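The values are calculated or read from the model by the stated rules, or taken from the named source; none is laboratory data. Here the structure is a predicted model, which means the values were calculated and not measured. Cβ: placed from backbone, ideal geometry, glycine included. Neighbour counts: every protein chain shown. Areas reflect the complete protein model, heavy atoms only, side chains present, ligands, DNA and RNA absent. Shrake-Rupley method; radii C 1.70, N 1.55, O 1.52, S 1.80 Å.
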Amino acid sequence: MAQRTQVAIIGAGPAGLLLSQLLHVAGVDSIVLERRDQAYVESRIRAGVLEQGTVDLLERAGVADRLHAEGLPHNGFRLALDGELFRIDMRELTGGKSVTVYGQTEVTRDLIAAHQSRNAPLVFEAEDVSLHGLDGDALFVTYRRDGAEQRLDCDYVAGCDGFHGPSRAAIPAEVLRVYEREYPFGWLGILADVPPCDHELIYSNHARGFALASMRSPTRSRYYVQVPLDEKLADWPDERIWDELAIRLGEEAASRMTRGPSIEKSIAPLRSFVAEPMRHGRLFLAGDAAHIVPPTGAKGLNLAASDVAILAEALIRRYAHNSHEGLEGYSARALARVWKAERFSWWFTGLTHRFPDMDPFARRMQVAELSYIRDSAAAQRVVAENYVGLPLH
Ligand code: RFL
Ligand code: PHB
């Protein structure tokens, strides 16, 4: 069967769903094609911190009611050095900016609910999605649904299909430049229905490795510990994770930490990755399809949102005023922000993690830098302004 839309969107992660919703609000039509089923997409546990710019965008898309009711505004976070805590007062240091803790799972659910309440085309379980005619006049996407071949003709394709999707792979290798860093460790995450140990997040540098105390709500905690890449989940029963967190977060946090059974546990590798350009002909990459950051700065989801803000604006201008300027400038404008967030995430990872080849000098440098941040308002301002999110230019 052949269908037609203005913008074919591949991937129903936050990037694809939010793009489709923003286009809809402006009267541009799109169809989202997603490989997984709805239940799978809605239950993936990932990021938890939204920058103000991301919240504003969700508002503009008309999907922020539950976010405003249930999201937790955070005006600061704490850093720990071998168990000693100090606070970064984001709000004070940035002239009033803050972040909101609201799970990516909830953002995704709200966006899917908005699509379904207006009967918008959102195709789950689309198999073998492939792009055709990127360089020619006839642009279309093919896929299989329930065993039947489908063809979707379109003016543009938005590749929002994450790190492993087909969109980036459709750009010829001689055009694409890739920049990459793999880190020699991963994050073991645990989700549990217990109250958080603090009302704000704690990022801890400990001689045994990094730990993070986060949350999803006043009754649901999310914690992470740095582990070697070859670590097996089976070697980490819940009690071992709680014991390790108690050591790495330090006495003050540990004394307020409630232990409980995990409802989710997983290990994610850490990576920095950027593919340039983010546009090839009428294909536009957004979110993890074009770039990955290590989660230390909480930037992954927020970068997906800022890409989509730029892309939606460009597509809307194209249809409203037949102006191609925004589309032509998309890659450069998006990448300018991406690289700054890449830098912050890379720097924050280096400051807080234990590297296998770290000698005593390297460790002293971390300790000195963290002490400097603790004692200098200027250094704290640099951290805070990056954490709340840099402006879009
Ligand atoms: P997503 O969320 O990966 O969505 C891409 C969507 O595309 C679909 N897809 C396909 N659809 C059709 N055909 C194909 N062939 C397809 N191949 C893939 C996928 O099923 C999926 O639905 O990318 P998007 O929208 O760009 O959003 C980006 C964010 O999800 C991502 O940056 C963050 O979640 C990164 N991230 C984290 N960020 C944080 O800030 N804090 C975290 O704690 C955090 N944890 C994580 C993470 C990413 C992870 N990944 C990607 C493995 C934990 C994990 C495990
Ligand atoms: C999370 O709550 O999952 C989370 C919070 C902050 C980060 C990364 C992950 O930097």
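So what is the orientation-averaged projected area of the range 241-300, using the convex hull of its C-alpha atoms, in nm²?
Reported value for the Cα convex hull: 6.1 nm².
Please grab the % of Cα pairs in the range 52-190 that end up more than 20 Å from each other.
Tail of the P(r) past 20 Å holds 69 percent of the pairs.
Counting Lys and Arg as +1 and Asp and Glu as -1, what is the net charge of the other residues whose Cβ lies under 13 Å from the Cβ of Ala286?
It works out to a net charge of 0.
Leaving out ligands, DNA and RNA, and with a 1.4 Å probe, what % of the accessible surface on the chain is carbon or sulfur?
Here it works out to 51 percent.
Write down the accessible area per residue of the range 65-156 in Å², having rolled a 1.4 Å probe over the full set of protein chains.
Averaged over the residues of the range 65-156, the accessible area is 46 Å².
Would you mind calculating the gained length between Ala320 and Phe86 on full extension (0.36 nm times residue separation, minus the Cα-Cα distance), in nm to one decimal?
Answer, rounded to one decimal: 79.3 nm.
How charged is the neighbourhood of Gln3? Take every other residue with its Cβ under 9 Å from the Cβ of Gln3, and add Lys/Arg as +1 and Asp/Glu as -1.
Net charge around Gln3: +1.
Output the peptides 106-112, 289-295, 209-215, 266-272 sorted from most to least packed, where packing is the average of other Cβ atoms within 10 Å over each peptide's residues.
289-295, 209-215, 106-112, 266-272
Taking 8 Å as the Cα distance limit and 6 or more residues as the minimum spacing, I'd like the relative contact order of the chain as a percentage.
20 percent
Connecting C-alpha atoms closer than 10 Å in a GNM of the chain, tell me which of Ala61, Ala148, Ala336 has the biggest fluctuation.
Ala148
Take every Cα-Cα pair in the chain and report what % of them are more than 33 Å apart.
32 percent
Taking every Cα atom in the range 163-286, find the radius of gyration and the maximum pairwise distance Dmax, and write them in Å.
Spelled out, the Cα radius of gyration and Dmax of the range 163-286 are 18.6, 56 Å.
So what's the back-of-envelope 222 nm ellipticity for the chain, counting only DSSP H runs of four-plus at -39500 (n - 2.57) apiece and dividing by all residues, rounded to 500?
Computed ellipticity for the chain at 222 nm equals -11500 deg cm²/dmol.
Holding the Cα-Cα limit at 19 Å, pick out from Lys232/Lys299; Lys265/Lys340; Lys299/Lys340 the pairs that are longer than that.
Lys232/Lys299; Lys265/Lys340
Taking a cut-off of 14 Å between Cα atoms, list the aspartates and glutamates near Lys97, but don't count ones fewer than 8 places away on the same chain.
Answer for Lys97, where 14 Å is the Cα cut-off: Glu51, Asp56, Asp89, Glu385, listed by chain and number.
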